[in-house]
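S.K.: Pasting a structure here, questions to come.
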Amino acid sequence: MQIRIIDKFKDSLKYVYIIPSKESYEQIEYFKTLFRKIKEFSLYGEKIEIISFEEGIDFEDLRKNIEVIEEIYEKLILDKKIEPNDILIDITGGQKIQSAAGSFSSLAYDRYFCYISTNTKEIKVFDVTNYQSE
């Protein structure tokens, strides 16, 4: 599912930041390998960088999830000079608490989250202050 989102935004996408669970942390390298193979056969080029959070977190700890998302926002804004409205949180994968943390974090002005519909496979982007933006 995440590859669908990457593909949709590939023309403007610069970074993909992964927040793994404690259980999925070891699978990050598999994702990076898969992504590199996909890039070889696509138009992604070398411009998209995969970054992962330095540790797996408990997806059932709402506070920790929100803290990690805020830490990543801060890194992207300060270190990478990315505007908040250019950051999109994908809440498709993970557990419900982690998805809630992603949507809660987008309550701030000019923040967005997205979700891939399990019914239509359509990518839906939400601006919580205006509900659905796409």
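The values are calculated or read from the model by the stated rules, or taken from the named source; none is laboratory data. Keep in mind the model is a prediction, meaning the values are calculated, not measured. Heads up, the Cβs are rebuilt from the backbone with ideal geometry, glycines too, and the neighbour counts pull from every protein chain shown.
S.K.: Out of everything in region 97-121 that is without any contact (Cβ under 8 Å) to a residue 24 or more places away in the chain and crowded, with 19+ Cβ neighbours inside 10 Å, what residue ends up being nearest to D61 (Cα to Cα)?
M.R.: The qualifying residue nearest to D61 (Cα to Cα) is S99.
S.K.: When the residues of region 4-50 are filtered to those that are of a type in the set (A, V, I, L, M, F, W, C) and modelled with pLDDT under 80, which remaining residue is nearest to I69 (Cα to Cα)?
M.R.: Looking at residues that are of a type in the set (A, V, I, L, M, F, W, C) and modelled with pLDDT under 80, I get I38.
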